[in-house]
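Visitor: Let me give you the structure first, and then I'll get to my questions.
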Amino acid sequence: MTPDEEGIGLDDISFDDVLDGGSAEVPSDLAIDAPEAEADELDADAEELQEEESNEEEVEDDDTEEELEEEEEDDDDEEVEREGSTVVSEILEKLGYETEEEYDDTTEGLLAMTQDVGKQMAEDQLDGLFENFPLVKNHLEYVLNGGDSQDFMQAYDPNLDYNKVELNEDDVRSQKAILSDYFTTKGHDKEFIDELLEDYQDNGKLLDKATAAKNALAKSQETQRSQLVEQRKAQRAEETKQQQNFWNGVHETIENSDEFAGVNVPKRDKNKFFEYLSRPVDQDGRTQRDLDHSESELETKLAIDYLMFKGFDLSKLVDTKAKTKNAKSLRDRISKNEERVKSARKASRRKSKQVDLDDLDLNF
């Protein structure tokens with residue numbers, strides 16, 4: 001190494017050399033070793049990083065746009081749901097009821113929905129009531145099938161409940177009453193029962209026999225109560241069958257007849273006439289015939305009753321009316337003839353009383 005190459009001191013580099021347009025050359029041993037390939041690689045890394053950041057921003061923008069679109073779609077769906085929702089549907093949803101019918105979102109639709117839902121609610125309440133009080137259900141079924149409420153109440157009268165009867169050894173009266181009820185249900189007469197009870201009492205068997213009678217009556221009473229509703233239903237079914245047979249007979253008679261007790265019925269009126277007789281027109285089951293009869297005037301009712309009283313023999317009544325009419329006509333003619341005769345007589349008398357003054361003889 002030459003003396004000139006031993007080293008460069010800081011004093012050997014002037015400030016002007018640094019500022020002189022870059023004219024000062026930096027020694028090769030102090031230059032940064034940065035080949036163009038490595039610089040390109042760094043630039044490529046920088047560009048790649050920028051592209052990644054740019055792509056991420058685009059992805060974020062895309063995600064944001066998708067989120068906005070989804071939010072808009074959700075808003076649209078909610079708007080559609082709000083548009084599809086009605087006051088009627090919201091009320092049904094809050095009440096927790098579903099119906100097969102579709103109701104208009106109008107006053108009439110709301111009224112119809114309220115009536116239908118009201119019925120369902122009433123049925124649900126009744127079901128709960130019947131579940132808690134089965135006796136109420138049995139009573140209602142009994143009455144709805146045509147039974148008398150008083151009969152049902154009597155059957156379940158706690159004062160007549162043999163299960164609740166207590167027999168004491170000293171209560172001879174109650175023992176005899178129980179035995180009397182038992183043997184009465186068996187069809188025995190009072191004299192026979194009294195004699196039998198005296199025998200029980202004399203032999204010391206009255207209490208035991210009364211206890212046995214009480215148990216038998218209680219068991220029979222329970223059976224009767226359990227069958228009470230079913231028996232009433234069977235009776236109602238039989239009554240319905242008889243009523244159907246009756247109206248079938250009425251219909252057949254109308255169809256196969258041209259007249260009823262002398263009254264001609266045109267064929268075109270037969271169906272309407274049958275409906276008039278049989279079809280209920282009010283909540284009480286009354287027909288138009290029933291209403292017309294109940295609302296008719298007294299004279300009309302009396303005329304119908306008189307026809308029934310006379311055996312509904314219209315021929316005789318018509319003949320009587322014709323004879324009465326003919327007699328009246330004859331009396332009218334006679335009366336008119338008498339009036340004409342009287343008028344003629346009066347006219348003759350008046351004519352005879354008239355005097356012609358020219359014909360008078362004035363010679364005395």
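The values are calculated or read from the model by the stated rules, or taken from the named source; none is laboratory data. These numbers come from a predicted model, not from an experiment. Quick reminder, even Gly has a Cβ in these numbers, built from the backbone with ideal geometry, and neighbours come from all protein chains shown.
Visitor: Being within 30 Å of LEU179 (Cβ to Cβ) and at pLDDT below 90 narrows it down to one of SER257, SER226, SER294, so name that one.
Guide: Answer to the check: SER226.
Visitor: Would you pick out the residues in region 159-187 that are loosely packed, with under 15 Cβ neighbours inside 10 Å, within 29 Å of GLN235 (Cβ to Cβ) and not charged (D, E, K, R)?
Guide: ASN159, LEU160, ASN163, THR184, THR185, GLY187
Visitor: Oh, and also: Starting from region 178-193, take each residue that is within 16 Å of LEU160 (Cα to Cα) and in the same structural domain as ALA213 (by TED's automatic domain parsing) and list its partners that are part of a helix (DSSP H, G or I) and of a type in the set (Val, Ile, Thr), counting only C-beta distances under 6 angstrom and pairs at least six apart or across chains.
Guide: These pairs meet every condition: SER180/ILE193.
Visitor: Just one of the numbered conditions (1) assigned to a helix (DSSP H, G or I); (2) free of Cβ contacts under 8 Å to residues at least 40 places away in the same chain; (3) not polar (S, T, N, Q) is not true of LEU228; which one?
Guide: Looking at each condition in turn, LEU228 falls short on (2).
Visitor: Residues to consider are LEU277, LEU307, LEU314; find the one that is modelled with pLDDT of 85 or more and of a type in the set (A, V, I, L, M, F, W, C).
Guide: Numbers: LEU307 fails: modelled with pLDDT of 85 or more; LEU314 fails: modelled with pLDDT of 85 or more.
On inspection, the qualifying residue turns out to be LEU277.
This table checks each residue for (1) closer than 30 Å to SER174 by Cα; (2) surrounded by 15 or more Cβ atoms within 10 Å (Cβ to Cβ); (3) without any contact (Cβ under 8 Å) to a residue 24 or more places away in the chain; (4) in the same structural domain as GLU238 (by TED's automatic domain parsing).
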{"site": "LYS94", "(1), (2), (3), (4)": "no, no, yes, no"}
{"site": "LEU110", "(1), (2), (3), (4)": "no, yes, yes, no"}
{"site": "ASP124", "(1), (2), (3), (4)": "no, no, yes, no"}
{"site": "LYS137", "(1), (2), (3), (4)": "no, yes, yes, yes"}
{"site": "MET153", "(1), (2), (3), (4)": "yes, no, yes, yes"}
{"site": "ASP157", "(1), (2), (3), (4)": "yes, no, yes, yes"}
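Visitor: Kindly check whether there is at least one residue in region 195-216 that is among the hydroxyl-bearing types (Ser, Thr, Tyr) and farther than 14 Å from LEU179 by Cβ.
Guide: So far as region 195-216 goes, no, none of its residues is among the hydroxyl-bearing types (Ser, Thr, Tyr) and farther than 14 Å from LEU179 by Cβ.
Visitor: So, in region 263-300, of the ones that are without any contact (Cβ under 8 Å) to a residue 12 or more places away in the chain and in a strand (DSSP E or B), which residue ends up surrounded by the fewest Cβ atoms within 10 Å (Cβ to Cβ)?
Guide: Applying the filter and picking the extreme gives ASN264.
Visitor: If you check PRO158 against the conditions, is it of a type outside the set (A, V, I, L, M) and modelled with pLDDT under 85? So that I can check it myself, show each step before the final result.
Guide: Numbers: of a type outside the set (A, V, I, L, M): yes; modelled with pLDDT under 85: yes.
So PRO158 passes the test.
Visitor: Just checking, does region 227-236 include any residue being surrounded by 12 or more Cβ atoms within 10 Å (Cβ to Cβ) and within 16 Å of ASP161 (Cβ to Cβ)?
Guide: Looking for residues that are surrounded by 12 or more Cβ atoms within 10 Å (Cβ to Cβ) and within 16 Å of ASP161 (Cβ to Cβ), one finds at least one in region 227-236, hence yes.
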